[in-house]
Structures are given as C-alpha cells and as structure tokens.
Amino acid sequence: ITDCRLALPEGTMDWHFPFFLVATVTLPSLCLQFNPQPLEELGSDIGIQVFNQIVKSRPRDNVVISPHGIASVLGMLQLGASGRTKLQLATMMKYNVNGLGKILKKINKAIISKKNKDIVTVANAMFLNNSSKIEVPFVARNKDVFQCKVWNLNFEYPAAACDSINAWVKNETRGMIDSLLSPDLIDGMLTRMVLVNALYFKGLWKSRFRPENTKKRTFVAADGKSYQVPMLAQLSLFQSGSTSTPGGFWYNFIELPYHGDSISMLIALPSESSTPLSAIIPHISTKTIDSWKSMMVPKRVQVILPKFTAVTQTDLKEPLKALGVTDMFDPSKANFAKITRSENLHVSHILQKAKIEVSEDGTKASAVTAAILIARSSPPWFIVDRPFLFFIRHNPTGAFLFMGQINKP
Amino acid sequence: MAQRADLGPKRLKAVAILLLLGSFRSGLASCGVASQARVTGGSSAVPGQWPWQVSILFDGTHVCGGSLVSEKWVLSAAHCFPREHQKEMYEVRLGAHQLDSFTPEAEVRTVAHVLVHPSYQQEGSQGDIALLRLSSPVSFSRYIRPICLPAANASFPNGLQCTVTGWGYVASSVSLQAPRPLQQLEVPLISRETCNCLYNINVKPGEPHYIQQDMVCAGYVKGGKDACQGDSGGPLSCPVGGLWYLAGIVSWGDACGAPNRPGVYTLTSTYASWIHHQAEVQPRVVGQTQESQPDIGLCRNHLAFASAPARGRLGPILLLPLALTLGLLHAHWEL
C-alpha cells in the first residue's frame, strides 16, 4: 500500500565511465590492440588475470580497470618488441599481434563505432621525446590498428610535459579526467616515451532509473561496517540467474543493458553475505561470463543498486611481472628494437586510471513491455547491498571495457 | 464497555451474553464480519481487523495477498501464479498481522489446487482471478474469517469508500519495513468509464492501458494513495448493510499512486458463478444502498482545467501557479 502523495518526476539514469590508461615508458613501443570474438576474449582474459593480481593486494579496495585497455597497451608493446621481450608478451597474451592487425583494427572500430557514440570514447596516444628517432613502420601500424596518435614532446621539462599530456587526456575524455599524470613520474633524463590509453564511457541505461526512487539504503561494506548510501531502484524485466564456483560458492548475476543494446553491465553478487569476493574472483573468466548467458532467464525483478563513483589508478608493472612479463621492465633485457634502434628502451611504468560513475540516466522511462510492469505481485529482489563485481561488456565483440570490484560505494 | 474495571461476576455474565450474541450474529451472516471494522487511511491495521486477509508465499517469500471466502478456499489474482511456478512451493498464511512476527493465532496451509481463470492470458488482461483450495480446512476465529462474495448482479455505487489492505510496497520500489504490519487504506470506487478516461491522460505511446469489462478502479485522481507491488490478490473490501463484501481483487496499476492512475481491481461479481461452480461458495446478494451517481466529472474536470489557459484568459494563468504551489504543500502535509 502506497501512501506517499508525492507526484514523482520522471527520472533519468546515468552511468558515466571515464577511464584511462597511461603507460610511461622509458623507451617502449606501444599502441593498442584487440580482436574479434575469440581473439577479443583472449585479450580480455589477460585483463581479467591482471585484475586478479591487483585485487590480491587490495582485497578491501574499490578497483576499476579496463581489460580491453590492458590488452590494447600490451598489443602496442608487442608491435614494438623483439626477441625474448616479444616472446614473453606473446606467450602471456596467447597470440602474436603480427598478422592479426586487421582483426584488431576491426574490433577497435566496432567499439568506437557510431552506434556506440555518446557512450564509448577510446583515445590512444604516444608521446615521444623530441630526440628519439622512431621507426616509421611502428608509428604507422599503431596508427592503423589502434588509432594511436603520435606527438613529439620534450621530456627534459617534466612539469611542462606532464601538463601537455594531462591536457590531452582531459580533452579526449571530455573533461572527466583532468590530472592523470604527476611530474614525478617523468624522468627528464630517461623518459623517452609515454603511452596513454584513455577510455571514457558514459552509459545511458536502456531502461532508466527514476530519481525519485533513489533512496539511502544500508550497504554492508567489506570491512563489516554498515553505510547509508544512495541506491537506485527499478522494477523491470532483466536477465538474471545464479550459479556456483567449482568450490561451491553460490553467486547471483544480472545483466543491465545500456541504450543501443551493444553494451551491458553485468553484476555478480555472492549469494551469501558471508562469501567474500575473493572466493568468486579466481573463477571469473570470459568463458565463465559467457556461460552465464545460457543460464539467464528474463524475469521481472526489483533491482536495487548503489549510485556511486569509483576512481582507481593502477601501476600494471607488478601484476604483469607476476604473470611472467618481466624482460620489458628490465633495462638490461628489454628489447624494443622495432620502436627505435638509436637507443635501448625499457618500460618504467604502465599506469592505468579508471573512473566510473553510476547514476540514473537512461533513454526511456521504464520499459520493455508495458504489461509486465503493471501487475502488483511482489517481484523477486536483486539487492546489491554488499561487495560486488561488475563488468561492462561490448557484446558484439565480447570485449570487456571495464571490470571492477566495489567494496564500499 | 470502554471503561476499565475489574470483571465482577455480573460483568462476566454480560460479556458472555455479548459473546453469544456475537456468535448468533455470525450464524446469520457467515461472512464479512470483522471484530473491529474501523477504517482509516494508509495506516497499520489492528490485529483481527481484516480477518479474511491472507498472505500467499512462494518459496517462503510473500508474493501476494488473498481473501478467505470459506473454510477451504482463498481468492487471489491469476498473475500471482505464473505457469513456471510449481504449486507445491506456495503456502497460505491466515490470521497473520505482522509478517515478521510469530503469532499463535496464525495458521499456515499448503495449497492443494490452484485454479487460474481460463480467460487470463497475461498481466493486464481479463480474468486476473484465481481460486486456491487449501490443503486442509481452517477453523474460523477472531483472526480468521471469510469475507462475503458479492452476487453477479451486485453493484457498488461510485465513490463508495472501500478499503484495500496488504503487505505490499509503501512507495514505488520501497518495501514495507519490518515487522511488516498489515496496512489498510481507504479508497473510493471509480467507475470503469471514468478510469479509462483517466488512464488516457498523458498516456505514453506504446504503453496503452485499458480497463477491461471485468475491472473496476479505486483510488484518487491526484494520486499518492494506492495499492502497490505485493498487494496483488488482496481484498478491496466494501461495506454494505453492515457486512463487508469482496468488491475487488488487487490487480494492477501504472506505477503506484501516480496522478490520474488509480488502482485497478478485478471486479469479483463478474466471476460469481465461476466461483460458485468451482468452490461451491455461495455469493451473497448485496443490499441496495444508494443510487450510483455518474463520476465522469473526475476526469472531465481535469480536461476543462487543462484547457483553460489556452483560452487566453489572464485569471486562470495567474491562478495556476498558485494552485500548483498549494498542491505541493498539500502533498508535503500528507507525507
């Protein structure tokens, strides 16, 4: 029984997802990469493995990364690498970028196609020291495959170089990320190249959340404390289901589509509040997530989801080393002969910064079918009131644009 | 009776006589009698106030309401029983007041049969009514009693103040808080024609809603008070001649409590013969009260008001913002 007596204005539901990836390299070769279905899944799986490594050391934090962005940066590095450096990259990625350029290009174009415009912006750039003599084929291929722009920059003045890069990022992400790099990450003597991969995402829900339904509700964070956070609420028709890990931990999942139907958010939530995310994460792969599809059924569900913003800056160096990619960080072993022959380059940092905002905005008031939402029986609830995992998936290619764990919105 | 005093022997006698009278009365009218038929708006009920109200659980969770119509039968809404749900997983809780509290008066039964009306197709269609046969009969008590079923020719006048009860959401997407006491709300009946007119105001293309022949509406044109998710299947109880009749069954509505979108109920009298045939429950002829007055003005007034500024008259233009401001204040007051 309702007794609220307030005419509720129509709401909108908004998801903003700005995301970046920066690689500061002492002399690297990079740009990005990605591929069609199976190839893209290999790519995203690398990102998921990296995520696994990152959350091992940060189990209680909010972590947001871009698996697609990581695969892209590694692909760019692979293009410029030779010898054992290249071998390590190709072994870890399970594919050789050479020969796959056309497919990768196709994937990258699909992700930024007009169909997704206003939703996904992918920007790649290489900033090269004025003195570096860069191999022309490397520049050309990066431009072709990864739409990677190349600029010369004087790293001798770290502050000025840093400002230039940040200004570029800010512009490319429409102001969503305005201070990516700090001058101390640039070494005026050693830095020869900075690689930036920025992804900005502003998702409009296919079925928007009404702002008047957003209310403060209790979220029990990973630290065991309860927090009152604004949560979005919507009764609508969603695909959802549940399954268990091989270890017997049950979790529920739901798909929340964005406008245009090519991008969805998937949420995985342990069924028992006593199950930590760390029990579920090792089981997550593109294959696992594909298997959810066959287990999901469309149901009228009452969804309750925190409205939140999360920002994460991650140095990918340690996670990548843990996964066996070591030589490219070692000044005595790194081999980026395809980028330049004039000096020895190695990677000093690969920084990724991701920012995600979840809100009510969408394109339509409620939804799907008029009939299914009017009945007054009590629907099952999907309440995201404890730590959860989320994935932003580009369905036509299978690319995971973002993934993250939220321990406290 | 309201005075507090020790119960001496005389008083005990008096109480005994009253109790006898009470049972005598229930003997005459075996339905529609509540021990405390007090009606207010949008508030928690008193235990035993709506003894025919039941909670229907699926897999242990409250999904819908229902109304007890005999020792063995409960009436609810067809959409509470989607095909994919196994009937073995349903339970009916009778005599309950707070869903989260145990009370010795409450009884639980499993469901022996679910009879969904054959004309029901989907949410919003005709025939949103279902009969449940309990696994074993219940004994009536102060907390468990049937409501009267109106006969096929019953007609409840427009504007009649009826009461809808249930454990549903208290606002869109907001569930009732623990301990979840039964909620009651007084709502006036609105004719089907007027209701269709209201549902055509600001209608969204592609989302037409139509009030079918077997439906009736109840609620407020300005919105705010209404049934909501979780109330489905529950009773719209109307008082006539000292008895309560199940005039409607909570069925659907566009959102909850939105302006010009009153709650839509299945008109029980349409199915009097079906119920009689299936459950052998005797519908009761509803005594005539007052003549039903046309209520189309509820909708037409809106249309006339909306078109006033278009005539270019200064008065209404100036008055309109004032009226809106007052309306908002009013809304806050009632929160």
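The values are calculated or read from the model by the stated rules, or taken from the named source; none is laboratory data. Remember, it's a predicted structure, so these values are computed and weren't measured experimentally. FYI the Cβ positions are ideal-geometry reconstructions off the backbone, even for glycines, and counts take in every protein chain you see. Heads up: the accessible areas ignore ligands, DNA and RNA and are worked out on the full protein's heavy atoms, side chains in. Shrake-Rupley method; radii C 1.70, N 1.55, O 1.52, S 1.80 Å.
Does the range B:131-147 contain at least one residue that is within 13 Å of chain A (Cβ to nearest Cβ) and more than 30 Å from B:Q288 (Cβ to Cβ)? Working first, answer last.
First, pick out the residues of the range B:131-147 that are within 13 Å of chain A (Cβ to nearest Cβ): none.
No, every residue in the range B:131-147 fails to be within 13 Å of chain A (Cβ to nearest Cβ) and more than 30 Å from B:Q288 (Cβ to Cβ).
State which residue is most open to solvent (accessible area, probe 1.4 Å) when the search covers only the range B:162-174 and only residues that are part of a loop (DSSP other than H, G, I, E, B) and under 20 Å from B:V46 (Cα atoms). Before the answer, list the steps.
Going residue by residue through the range B:162-174, those that are part of a loop (DSSP other than H, G, I, E, B) are B:167-170, B:172-173.
The next check asks that each one be under 20 Å from B:V46 (Cα atoms); those that pass are B:167-170.
Numbers: B:W167: 11, B:G168: 2, B:Y169: 6, B:V170: 47 Å².
Ranking the qualifying residues of the range B:162-174, first place goes to B:V170.
Just to be sure I understand, how many residues within the range B:254-275 are small (G, A, S), open to solvent by 30 Å² or more (accessible area, probe 1.4 Å) and more than 10 Å from every other protein chain (Cβ to nearest Cβ)? Break it down stepwise before answering.
So the first thing to find is which residues in the range B:254-275 are small (G, A, S), and the list is B:255, B:257-258, B:263, B:269, B:272-273.
Checking which are open to solvent by 30 Å² or more (accessible area, probe 1.4 Å) leaves us with B:255, B:273.
The next check asks that each one be more than 10 Å from every other protein chain (Cβ to nearest Cβ); those that pass are B:273.
Total meeting the criteria: 1.
Take B:Q278 and tell me if it is open to solvent by 10 Å² or more (accessible area, probe 1.4 Å), touching a residue at least 40 places away in the same chain (Cβ under 8 Å) and not in a helix (DSSP H, G or I).
Working: open to solvent by 10 Å² or more (accessible area, probe 1.4 Å): yes; touching a residue at least 40 places away in the same chain (Cβ under 8 Å): yes; not in a helix (DSSP H, G or I): no.
No: the conditions fail for B:Q278.
So, in the range A:184-222, of the ones that are among the polar types (S, T, N, Q) and touching a helix residue (DSSP H, G or I) at 6+ places or on another chain (Cβ under 9 Å), which residue ends up farthest from the other protein chains (Cβ to nearest Cβ)? Let's see the steps before the verdict.
Step one: of the range A:184-222, the residues among the polar types (S, T, N, Q) are A:191, A:197, A:207, A:213-214, A:218.
Keeping just the survivors that are touching a helix residue (DSSP H, G or I) at 6+ places or on another chain (Cβ under 9 Å) gives A:191, A:197.
Working: A:T191: 52, A:N197: 38 Å.
Here the answer is A:T191.
Go through the range B:192-217 residue by residue and tally those that are among the β-branched types (V, I, T), closer than 26 Å to B:A152 by Cα and open to solvent by 10 Å² or more (accessible area, probe 1.4 Å). So that I can check it myself, show each step before the final result.
Within the range B:192-217, the subset among the β-branched types (V, I, T) is B:194, B:201, B:203, B:211, B:216.
The next check asks that each one be closer than 26 Å to B:A152 by Cα; those that pass are B:194, B:211, B:216.
Now narrow it down to the ones that are open to solvent by 10 Å² or more (accessible area, probe 1.4 Å): B:216.
The qualifying residues number 1.
Counting just the residues of the range B:49-84 that are out of contact with any strand residue (DSSP E or B) (no Cβ under 6 Å at 6 or more places or on another chain) and open to solvent by less than 10 Å² (accessible area, probe 1.4 Å), which one comes out farthest from the other protein chains (Cβ to nearest Cβ)?
Restricting to residues being out of contact with any strand residue (DSSP E or B) (no Cβ under 6 Å at 6 or more places or on another chain) and open to solvent by less than 10 Å² (accessible area, probe 1.4 Å), the top hit is B:P51.
Which residue pairs have Cβ atoms closer than 6 Å, lie 6 or more positions apart in sequence or on different chains, and pair a first residue in the range A:139-163 that is within 12 Å of A:F127 (Cβ to Cβ) with a second residue that is small (G, A, S) and assigned to a strand (DSSP E or B)?
Here the result reads A:K149/A:A125, each pair linking the range A:139-163 to a residue that is small (G, A, S) and assigned to a strand (DSSP E or B).
Test A:D290 against the stated conditions and say whether it is in the same structural domain as A:K56 (by TED's automatic domain parsing), surrounded by fewer than 19 Cβ atoms within 10 Å (Cβ to Cβ) and not hydrophobic (A, V, I, L, M, F, W, C).
Working: in the same structural domain as A:K56 (by TED's automatic domain parsing): no; surrounded by fewer than 19 Cβ atoms within 10 Å (Cβ to Cβ): yes; not hydrophobic (A, V, I, L, M, F, W, C): yes.
Here the answer is no, as A:D290 does not meet what is asked.
So which of B:L189, B:L182 ends up being within 12 Å of another protein chain (Cβ to nearest Cβ) and surrounded by 23 or more Cβ atoms within 10 Å (Cβ to Cβ)? Write out each step before concluding.
On the way: B:L189 fails: within 12 Å of another protein chain (Cβ to nearest Cβ).
Only one candidate passes the filter, namely B:L182.
Considering only the range B:219-250, state which residues are assigned to a strand (DSSP E or B), closer than 25 Å to B:S125 by Cβ and within 14 Å of another protein chain (Cβ to nearest Cβ). Break it down stepwise before answering.
Taking the range B:219-250 and keeping what is assigned to a strand (DSSP E or B), we get B:225-226, B:235-240, B:243-250.
With the extra rule that they be closer than 25 Å to B:S125 by Cβ, the set shrinks to B:226, B:235-238, B:245-250.
Once the filter is applied, which keeps residues that are assigned to a strand (DSSP E or B), closer than 25 Å to B:S125 by Cβ and within 14 Å of another protein chain (Cβ to nearest Cβ), the range B:219-250 yields B:D226, B:P235, B:L236, B:S237, B:G248, B:I249, B:V250.
Quick one: is A:Q88 more than 14 Å from every other protein chain (Cβ to nearest Cβ), modelled with pLDDT of 90 or more, under 24 Å from A:A337 (Cβ atoms) and open to solvent by less than 40 Å² (accessible area, probe 1.4 Å)?
On the way: more than 14 Å from every other protein chain (Cβ to nearest Cβ): yes; modelled with pLDDT of 90 or more: yes; under 24 Å from A:A337 (Cβ atoms): yes; open to solvent by less than 40 Å² (accessible area, probe 1.4 Å): yes.
For A:Q88, the condition - more than 14 Å from every other protein chain (Cβ to nearest Cβ), modelled with pLDDT of 90 or more, under 24 Å from A:A337 (Cβ atoms) and open to solvent by less than 40 Å² (accessible area, probe 1.4 Å) - is met.
Report, by residue number, each residue of the range A:151-177 that is open to solvent by 50 Å² or more (accessible area, probe 1.4 Å) and either at pLDDT 85 or above or under 20 Å from A:N108 (Cβ atoms) (or both).
Looking only at the range A:151-177, we keep the residues that are open to solvent by 50 Å² or more (accessible area, probe 1.4 Å), and these are A:151-152, A:154, A:156-157, A:159-160, A:163-164, A:167, A:170-171, A:174.
Once the filter is applied, which keeps residues that are open to solvent by 50 Å² or more (accessible area, probe 1.4 Å) and either at pLDDT 85 or above or under 20 Å from A:N108 (Cβ atoms) (or both), the range A:151-177 yields A:W151, A:N154, A:E156, A:Y157, A:A159, A:A160, A:D163, A:S164, A:A167, A:K170, A:N171, A:R174.
Would you check which residues across the range A:49-80 are touching a Phe, Trp or Tyr at 6+ places or on another chain (Cβ under 8 Å) and either surrounded by fewer than 24 Cβ atoms within 10 Å (Cβ to Cβ) or closer than 22 Å to A:K287 by Cα (or both) and list them?
A:V63, A:V64, A:I65, A:S66, A:P67, A:H68, A:G69, A:A71, A:S72, A:G75
Would you say B:S175 is under 27 Å from B:T103 (Cα atoms) and either of a type in the set (V, I, T) or within 10 Å of another protein chain (Cβ to nearest Cβ) (or both)?
Values: under 27 Å from B:T103 (Cα atoms): yes; either of a type in the set (V, I, T) or within 10 Å of another protein chain (Cβ to nearest Cβ) (or both): yes.
Considered against the rule, which asks whether it is under 27 Å from B:T103 (Cα atoms) and either of a type in the set (V, I, T) or within 10 Å of another protein chain (Cβ to nearest Cβ) (or both), B:S175 comes out as yes.
With the condition being within 19 Å of A:R192 (Cα to Cα) and either touching a helix residue (DSSP H, G or I) at 6+ places or on another chain (Cβ under 7 Å) or of a type outside the set (K, R) (or both), I'd like the helices (runs of 4 or more DSSP H) fully within the range A:80-153 carrying at least 3 qualifying residues. Explain how you work it out, then say what you get.
Numbers: elements: A:83-93, A:101-111, A:136-146.
Fully inside the range A:80-153 and qualifying: A:136-146.
Which of the residues spanning the range A:370-406 are at pLDDT 95 or above, within 14 Å of chain B (Cβ to nearest Cβ) and open to solvent by 10 Å² or more (accessible area, probe 1.4 Å)?
Once the filter is applied, which keeps residues that are at pLDDT 95 or above, within 14 Å of chain B (Cβ to nearest Cβ) and open to solvent by 10 Å² or more (accessible area, probe 1.4 Å), the range A:370-406 yields A:F382, A:I383, A:D385.
Looking at the structure I just gave you, is B:G127 surrounded by fewer than 22 Cβ atoms within 10 Å (Cβ to Cβ), within 18 Å of the chain's Cα centre (by Cα) and in a loop (DSSP other than H, G, I, E, B)?
Values: surrounded by fewer than 22 Cβ atoms within 10 Å (Cβ to Cβ): yes; within 18 Å of the chain's Cα centre (by Cα): yes; in a loop (DSSP other than H, G, I, E, B): yes.
So B:G127 passes the test.
Can you find even one residue in the range B:89-101 that is away from chain A (no Cβ under 14 Å), within 30 Å of A:K216 (Cβ to Cβ), out of contact with any helix residue (DSSP H, G or I) (no Cβ under 8 Å at 6 or more places or on another chain) and buried (at least 21 other Cβ atoms within 10 Å of the Cβ)?
Yes, the range B:89-101 contains a residue that is away from chain A (no Cβ under 14 Å), within 30 Å of A:K216 (Cβ to Cβ), out of contact with any helix residue (DSSP H, G or I) (no Cβ under 8 Å at 6 or more places or on another chain) and buried (at least 21 other Cβ atoms within 10 Å of the Cβ).
Restricting to the range A:320-343, name every residue that is open to solvent by 30 Å² or more (accessible area, probe 1.4 Å) and outside any loop (DSSP other than H, G, I, E, B).
Within the range A:320-343, A:K321, A:A322 meet the criteria.
Out of A:Y251, A:Y258, which single residue is assigned by TED's automatic domain parsing to the domain that holds A:D385, in contact with a Gly (Cβ under 9 Å, 6 or more places away or on another chain) and open to solvent by less than 20 Å² (accessible area, probe 1.4 Å)? Write out each step before concluding.
Numbers: A:Y251 fails: in contact with a Gly (Cβ under 9 Å, 6 or more places away or on another chain).
Only one candidate qualifies: A:Y258.
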